[in-house]
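First comes the structure, then the notes that go with it.
The values are calculated or read from the model by the stated rules, or taken from the named source; none is laboratory data. All figures in this text were calculated on a predicted structure; none of them were measured in a lab. Please note: Cβ atoms are built from the backbone with ideal geometry, for glycine as well, and neighbour counts cover all protein chains shown. These accessible areas exclude ligands, DNA and RNA; they are computed on the full protein's heavy atoms, side chains included. Shrake-Rupley method; radii C 1.70, N 1.55, O 1.52, S 1.80 Å.
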Amino acid sequence: MARAKMLLVEDDAALAELLIWHFKREDFDVAHTVDGEEALILAQEDTPDIVLLDWMVESLSGIEVCRRLRRMNGTANVPIIMLTARGEEEDRVRGLETGADDYVTKPFSPRELVARVGAVLRRVRPALAGETLSFADVEMDTVGHKVRRAGQTISLGPTEFRLLKHFLEHPGWVFSRERLLDSVWGQDSDIELRTVDVHIRRLRKAINAQGGQDIIRTVRSAGYALDTDIAG
């Protein structure tokens, strides 16, 4: 398996050096910058497998870098872990709502951060390695572009396939229509929010054609999630 590529955006030189040492020891390929604008350029030039992003960096805030990464087609689904000295609940919520996958408050243990990064990558690695994603009785072959439920082949259009892939990469996560537009469609100003509902209905119809539990949960006033707890 190829080495995992990490983009580290951190302007504390001592901390950056420490993290680079720890992650290179774990066989990560680490690209480092202190600048938010440069981080976006680096992410476009060579898409990372994960981003460690400090809240306060030069030129652009970490929050804005996170927001832009989520709107770029190539990085919309790349895991982002925010590193920050801000420990207030409001700040943590803001970071997560902007699109961060995890939030680590300084000071922190480098070993704990390595473990958190490993946990995130184990969740998304099947997609990165071109293997199989699965949830309940649904399986997706991301290389062969095939989907099966309970062993039966399911025919999906390209948008429904991308939508299901996004859900399979984040089981149990609730995504708003806006977040799904950013992650699945990317930057396309012609797409309206109701388009998400249309494709959700198509996806539901396709994966439920053979019967079985509806595993796409509608969360009132919040969005959609891949979840077996449909009563939740």
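From the list Leu121, Leu83, Leu113, pick out the single residue that is surrounded by 14 or more Cβ atoms within 10 Å (Cβ to Cβ), in contact with a helix residue (DSSP H, G or I) (Cβ under 9 Å, 6 or more places away or on another chain), assigned to a strand (DSSP E or B) and modelled with pLDDT under 90. Spell out how you get there, then give the answer.
Details: Leu121 fails: assigned to a strand (DSSP E or B); Leu113 fails: assigned to a strand (DSSP E or B).
That would be Leu83, the only listed residue that is surrounded by 14 or more Cβ atoms within 10 Å (Cβ to Cβ), in contact with a helix residue (DSSP H, G or I) (Cβ under 9 Å, 6 or more places away or on another chain), assigned to a strand (DSSP E or B) and modelled with pLDDT under 90.
Does Val65 satisfy the criteria of being out of contact with any Cys (no Cβ under 7 Å at 6 or more places or on another chain) and either open to solvent by 10 Å² or more (accessible area, probe 1.4 Å) or part of a strand (DSSP E or B) (or both)? Against the criterion (out of contact with any Cys (no Cβ under 7 Å at 6 or more places or on another chain) and either open to solvent by 10 Å² or more (accessible area, probe 1.4 Å) or part of a strand (DSSP E or B) (or both)), Val65 does not qualify. Taking the stretch 136-232 and the strands (runs of 3 or more DSSP E) fully enclosed by it, the elements with 2 or more residues that are farther than 27 Å from Ile50 by Cβ and of a type outside the set (Val, Ile, Thr) are at 146-149. Counting only residues that are part of a loop (DSSP other than H, G, I, E, B) and open to solvent by 80 Å² or more (accessible area, probe 1.4 Å), the stretch 40-55 holds 1 of them. Is it true that Val65 is among the β-branched types (Val, Ile, Thr) and out of contact with any helix residue (DSSP H, G or I) (no Cβ under 7 Å at 6 or more places or on another chain)? So Val65 fails the test. Of everything listed in (1) at pLDDT 80 or above; (2) in contact with a Cys (Cβ under 9 Å, 6 or more places away or on another chain), the single unmet condition for Ser59 is (2). Apart from one condition, Arg149 fits all of (1) among the basic types (Lys, Arg); (2) crowded, with 17+ Cβ neighbours inside 10 Å; (3) at pLDDT below 75; the exception is (3).
Results for (1) at pLDDT below 85; (2) over 14 Å from Ala39 (Cα atoms); (3) open to solvent by less than 50 Å² (accessible area, probe 1.4 Å), shown as yes or no for each residue.
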{"site": "Leu69", "(1), (2), (3)": "no, no, yes"}
{"site": "Thr75", "(1), (2), (3)": "no, no, yes"}
{"site": "Glu88", "(1), (2), (3)": "yes, yes, no"}
{"site": "Arg94", "(1), (2), (3)": "yes, yes, no"}
{"site": "Ala100", "(1), (2), (3)": "yes, yes, yes"}
{"site": "Lys106", "(1), (2), (3)": "yes, yes, no"}
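Residues considered: Glu58, Glu10, Glu17, Glu37. Of these, the only one that is more than 22 Å from Glu169 (Cβ to Cβ) and open to solvent by less than 10 Å² (accessible area, probe 1.4 Å) is Glu10.
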